[in-house]
C-alpha cells in the first residue's frame, strides 16, 4: 500500500493544537513527521489534562504517527542539529511565538536561501506584518476577534465553541496550503513560504455571517442551538425528550406541514412561502410547531419526520459518539499505541487504495537518539517508524 505522502519528511517545531493538528493530518497521509520538543516537559499540550488513560486528551488526538525529538534550542549544538535535519526535509512547520524562529536563524527566508525546495509554513495568531503581528493569540481570543462569539450563544450570553475551532481552522488551512505547495513544487521545482493566520482562517469560516451583515446590515442573532436565519431548524421538545431537525426548502416545508404537523393547509399559506417568509413569521409558526411536537413522543416525532423526508439528528452524548453505529459500520475506529497502552483513535481520511497511518503517540524524546544518529553527519540513513 502506498499512501499519498509516503517518503516525505516533515519537521515540525510545534506546540498546542494548530501546528500539531496540521502535521498529524500529513502523517495520516503517510508523511514522516519529526516533532521537535523542549527537553523540559515538551509540548505544553502534554500537560493539559490526564483524561485519555492518563495522558492529555489534546495531545493524544493531535500527535499519533510522529517521532518525538527533544532539543534545547538555547544550545548552539542543538540548533545546528535541527538545521542538519531540516536540510533533508520537504516541509518545515512552526508555530512558536512571533520572532522566535528568526532569532534561531530558522525563519523561512533564511532556510529557503539555502534550501530552495523547502516548503516553510508558519502558523501564528495574526500573521506576519501589520500592527497586531506580535500579539499573543489563543483560540478563545481569536473567537472573539473574529466575530465568532458575537453570533454564538443565546440572546443574553455569548458562548465559545466547545472545541478548539480556531486551531482546527488554522491547522486545516495550513495542511491545504502545504499540499498545494507540494503540487506546485512538482511542477516548478521550487518550495514556498506559507504564512497562516489564525484570525484569517477563522474569518474565512465566518463568511456567511459576514456577508449576511455586509454594508452595515444587522448580523445574525445569537439563537442557541436554533438556526438564526432558517426556520424551523434546531431542537424541539417532545413529550419525553428532544428532536432536532431542519428544513431547507419549500418542498420540505410542504411535506413537514402535511405529515409532521398534519396541517396541509399551512403549505399553501402565502405568509410561509420561502424560508424568508417562515423566518419572518417564526413566532406565529412556533405557536403551531412547538405544541404539536410537545404532544408527540420522541419516537413518534422521529417517525413522522423520517416519513416526511426531513433531516433529523439525535442530540448525542460523547458516550453515544464513541458507540455510534455509523462510525462502527464504516470501520473508522482503530487502536494506536501510547506510553500508557493502546487507545482507540478515529481515522477520518482514506482512499480506495490506501488507509491512513495509525502509528503510536510518542513519549517525550522517544526517538531523539535514533534521529540524532541518523542525521549526525547530515546524511539520512533511515530509521524505523514507531
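A few remarks follow.
- Per the listing 292, 298, 238, the residue uniquely more than 23 Å from residue 153 (Cβ to Cβ) and in contact with a strand residue (DSSP E or B) (Cβ under 7 Å, 6 or more places away or on another chain) is 298.
- Put simply, of 76, 137 the only residue that is surrounded by fewer than 20 Cβ atoms within 10 Å (Cβ to Cβ) and assigned by TED's automatic domain parsing to the domain that holds residue 200 is 76.
- Count of residues meeting criterion [outside any loop (DSSP other than H, G, I, E, B), loosely packed, with under 13 Cβ neighbours inside 10 Å and within 33 Å of the chain's Cα centre (by Cα)] in region 295-311: 0
- Test: residue 43 is closer than 22 Å to residue 163 by Cα, crowded, with 20+ Cβ neighbours inside 10 Å and out of contact with any helix residue (DSSP H, G or I) (no Cβ under 8 Å at 6 or more places or on another chain): no
- Restricting 145, 128, 156 to residues that are modelled with pLDDT under 95 and surrounded by 13 or more Cβ atoms within 10 Å (Cβ to Cβ) narrows the list to 128.
- Number of residues in region 99-119 that are surrounded by 14 or more Cβ atoms within 10 Å (Cβ to Cβ) and over 19 Å from residue 35 (Cα atoms): the value is 3.
- Remark: pairs (first residue in region 52-63, not assigned by TED's automatic domain parsing to the domain that holds residue 171; second residue in a helix (DSSP H, G or I) and buried (at least 21 other Cβ atoms within 10 Å of the Cβ); Cβ separation under 7 Å; 6+ apart in sequence or on different chains) are absent.
- Residue within region 329-337 that is over 21 Å from residue 62 (Cα atoms) and modelled with pLDDT of 95 or more present: yes
- Taking the numbered list (1) out of contact with any helix residue (DSSP H, G or I) (no Cβ under 8 Å at 6 or more places or on another chain); (2) under 24 Å from residue 310 (Cα atoms); (3) part of a loop (DSSP other than H, G, I, E, B) in turn, residue 218 passes all entries but (2).
- Of all residues in region 259-296, those that are touching a helix residue (DSSP H, G or I) at 6+ places or on another chain (Cβ under 8 Å) and under 17 Å from residue 244 (Cα atoms) total 8.
- Checked against (1) farther than 30 Å from residue 126 by Cα; (2) in contact (Cβ under 8 Å) with a residue 40 or more places away in the chain; (3) in a strand (DSSP E or B), residue 193 meets all criteria but (1).
- Scanning region 365-376 for residues that are crowded, with 18+ Cβ neighbours inside 10 Å and in contact with a helix residue (DSSP H, G or I) (Cβ under 8 Å, 6 or more places away or on another chain), we see that the one that is nearest to residue 332 (Cα to Cα) is 371.
- Candidate set from region 350-361 (those that are in a loop (DSSP other than H, G, I, E, B) and surrounded by 15 or more Cβ atoms within 10 Å (Cβ to Cβ)); member that is farthest from the chain's Cα centre (by Cα): 354
The values are calculated or read from the model by the stated rules, or taken from the named source; none is laboratory data. This is a predicted model, so every value here is computed, not measured. Here Cβ is always computed from backbone atoms with ideal geometry, including for glycine, and neighbour counts include all displayed protein chains.
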